[in-house]
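Coordinate-derived values only; no laboratory data. In this text the structure is predicted, and so the values were computed from the model without any measurement. Glycine also receives a Cβ, built like all others from the backbone with ideal geometry; neighbour counts cover every protein chain displayed.
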C-alpha cells in the first residue's frame with residue numbers, strides 16, 4: 001500500500017474490495033458527501049450567520065433581502081432570510097434577536113462541528129445537557145435533524161407571559 005493511500009485513509013473511511021485479483025479502493029458516496037459538506041461549512045465565513053443579541057438592522061445588513069415581509073405580533077418581530085444553504089428564522093424582542101432557527105437546506109442533518117461553531121457564535125460557556133440540548137448563562141439550544149434552535153431565557157419568559165404559561 002502506498003504512503004499516499006495511508007494519508008487518505010486517515011481523512012476518509014475507505015472500503016476495500018477485490019476485483020479480478022486487483023485491489024480496488026473507493027470511498028462510499030454518502031461519506032464523501034458528508035466530508036465535502038463539513039469542509040464547505042468550515043470554509044463558510046461563520047460571521048455570515050446570525051447571532052443572538054443582534055438588531056434587525058444588523059441582521060438586514062448581514063443577510064440582505066428578507067424572504068417574506070416581516071410580521072410583528074405580541075411584541076415579537078418575525079424575520080426570515082436565506083443564506084449559504086440555510087433558511088434562518090429570527091425573532092426580535094425589544095430591538096434585539098432573542099431566537100434563531102437555522103434550517104439546513106442541503107447536505108443532510110447538522111454535524112457536531114457545525115453545531116459547536118454555531119453555539120460558540122451565539123455565546124460562550126455552553127453545557128451539553130443531552131445529545132441534542134445545550135444551555136449557557138443566557139440561552140438554551142436544541143437540535144433536531146436539519147433544525148438548530150437557539151433562544152434566550154428572556155424570550156422564553158416573554159413567550160410565557162404572552163400565553164399565560166410558565167417559562168421553562
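Under the shape rule built on the C-alpha gyration tensor, where the axes satisfy a ≥ b ≥ c, the range 74-168 is oblate, since a/c reaches at least 1.5 while a/b does not exceed b/c. With each label point set 7 Å from Cα along the Cα-Cβ vector, what nm distance links residue 130 and residue 55? Between residue 130 and residue 55, the label points sit 3.8 nm apart.
If neighbour count is taken as other Cβ atoms inside 10 Å, put 163, 77 in order from fewest to most.
Working: 163 10, 77 15.
Listing 163, 77 from fewest to most nearby Cβ atoms yields 163, 77.
Summary of the geometry: the range 68-91 and the range 126-153, compared by the centres of their Cα atoms, lie 19 Å apart.
A Förster distance of 45 Å, applied to the separation of the beta-carbon atoms of residue 162 and residue 120, puts the FRET efficiency at 0.90. Net length available on complete extension from residue 74 to residue 109 is 9.4 nm, with 0.36 nm assigned per residue and the Cα-Cα distance removed.
Normalised by the number of residues in the range 58-168, what is the relative contact order in percent for Cα pairs under 8 Å and 6+ residues apart? Walk me through the numbers on the way to the answer.
Values: 175 pairs, mean separation 19.1, N = 111.
Result for the range 58-168 is 17 percent.
If you model the range 56-126 as an ellipsoid using its alpha carbon gyration tensor, with each semi-axis the square root of five times an eigenvalue, the axes come out at 22, 16, 10 Å, biggest first.
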